[in-house]
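Down below is the structure, laid out as structure tokens.
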Amino acid sequence: MIRKKLAILGATGSIGMQALEVIENFPEDVEVVLLTGYSRGDLLLEKCRFFSVKYASLANSNAFIRYQKDFKEAEIQLIEWQEVENLISSAEIDTILNALVGAAGLAATVKAVDSGKKLLLANKESLVIGGEYLSKNYENWRDNVIPVDSEHSALFQCLKGENKASVRQLVITGSGGPFRSFSKKKLQNVTPEDALKHPTWKMGKKITIDSATLMNKGLEVIEAHHLFDIPFDNIKVVIHPQSIIHGMAIFSDDTIKAVLSNPDMKLPIEYALFYPERRSSVIEPLILEKLTLSFEEPDIGKFKCLKLAVQAGKKGGIYPAVMNAANEEAVHAFLSHGIRFLDIPEIIEKVIQSISWTTVESLEDIYEFDKEARSKAREFINKIL
Ligand code: NAD
Ligand code: MG
């Protein structure tokens, strides 16, 4: 196998750090060329040293200035955030793990596709807001994208070797989050601290809140629609509290294929990294005899975000970007104790209602409506404060 020349964008986050843990097992197969972070310069420097990384970047300009000297002393080139796009499209890198969080990941996803690099995609928001743009502008963009999101990694594996026309339904599973069995009344008073206690996965803060509101499942439906080119009506969400089955494909003959494993992101990261090869295990194996698996329908009356996201996905155009931006702002406000849990879907709905639908013709359109939706969301948030 040729040694991969890898860039990890968002290396200091939950996915980024788990990817580095995986790579530690395969030093001869992966050369880590670039690692990026936002403001955690110390952690980034430590990882750059450990993996003998040539380039690093910090997206936060204050942090960039603060750590410049330390990186220089370590003989690691700290490049400006604006330079990252050039580097990932250069011959120094052939594989990109996009582990950024939120709409901030869009530019890297588009650059990776545009320059024909292998893209290991964790940043689901970039597909949610940019999937339609990619399909309009790059006929074969799917060929170089390997999903890292566990459900999509599972679906990708279920669909391997199958004819798309024989897929009746894709099933995305979700644990239901920490509030699965809460009444609507009880949901009124949940705190960010409660919401950050996810029952089965340990993840970054934003996705953990999205998991509690079920927005994460909504984003994942849109992500699956774009990744696999399957109509929205043929994608469904099923709550599966044990998080053992990650995704299923149901075929025309009623065969169901599923992918099972213990819930550990290191597995889909490893799979994406070495696809189409399989390597030795980096996770705890499943003990089948100990399993009890259960499934239920998501309660969209209680968890409105799922419905709002799928509706925005179906409408397409600028609405997924508007919905996503409003969600990012609302989650941010909830995390800083500014609004209540049940305000999140209300804000998203109001923002969508306040912006007229239009098509997406360019990346600028996405950025413009992302900005407008954020400013509308902040207006609604300020009214609550
Ligand atoms: P995280 O918050 O832990 O890490 C995000 C990374 O992006 C960090 O390195 C941070 O420094 C960097 N970053 C944040 N804002 C930035 C900005 N504006 N510009 C540049 N860099 C910035 O997030 P995470 O949980 O690792 O999730 C990353 C992505 O993967 C998300 O899209 C998430 O939905 C998806 N995902 C995560 C998990 C998981 O288990 N954590 C599972 C499936 C999918
Ligand atoms: Mg997921």
Convex hull volume of the stretch 4-147 per residue (C-alpha atoms, cubic angstrom): 96 Å³
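Using only helices, what value at 222 nm comes out for the chain when you add -39,500 (n - 2.57) per DSSP H run of length 4 or more and divide by the total residues, to the nearest 500 deg cm²/dmol? Each step should come with its number before you reach the end.
Working: 16 runs with 174 residues, N = 385.
So the calculated ellipticity at 222 nm is -13500 deg cm²/dmol.
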Residue 21-residue 289 pseudo-label distance in nm [points 7 Å out on the Cα-to-Cβ vector]: 2.8 nm
For residue 383, which lysines qualify as cross-link partners when the Cα separation must be under 17 Å and same-chain residues fewer than eight apart are set aside? 350
How many percent of the alpha carbon pairs in the chain exceed a separation of 37 Å? 18 percent
Using +1 at the C-beta of Lys and Arg and -1 at the C-beta of Asp and Glu, which of 373, 345, 119 has the Cα lying farthest in the positive direction of the dipole of the chain? 345
Leaving out same-chain residues fewer than 8 places away, which aspartates and glutamates sit with a Cα under 16 Å from that of residue 160? 143, 151, 229, 277
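Order the peptides 5-17, 341-353 from the highest to the lowest mean number of other Cβ atoms within 10 Å of their residues. Provide the component values of the computation, followed by the final result.
Working: 5-17: 24.2, 341-353: 20.2.
Peptide ranking by packing, descending: 5-17, 341-353.
Just to confirm, what accessible area per residue do you get for the stretch 4-147 at 1.4 Å probe, in whole Å²?
Working: 6050 Å² over 144 residues.
Result: 42 Å² per residue.
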Give the separation of the Cα centroids, the stretch 178-245 to the stretch 311-371, in Å. 17 Å
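Might you report the magnitude of the Cβ-based charge dipole of the chain about its Cα centre, with Lys and Arg at +1 and Asp and Glu at -1, to the nearest 20 debye? Could you put the intermediate results ahead of the total?
Details: 46 positive and 52 negative charges, 186 e Å.
So the magnitude is around 900 debye.
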With the full set of protein chains in place, find how many percent of the accessible area of the stretch 4-147 is carbon and sulfur; take the probe as 1.4 Å. 44 percent
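The values are calculated or read from the model by the stated rules, or taken from the named source; none is laboratory data. Computed from a predicted structure; not experimentally measured. Here Cβ is always computed from backbone atoms with ideal geometry, including for glycine, and neighbour counts include all displayed protein chains. Side chains included, ligands, DNA and RNA excluded: accessible areas come from the protein's heavy atoms. Shrake-Rupley method; radii C 1.70, N 1.55, O 1.52, S 1.80 Å.
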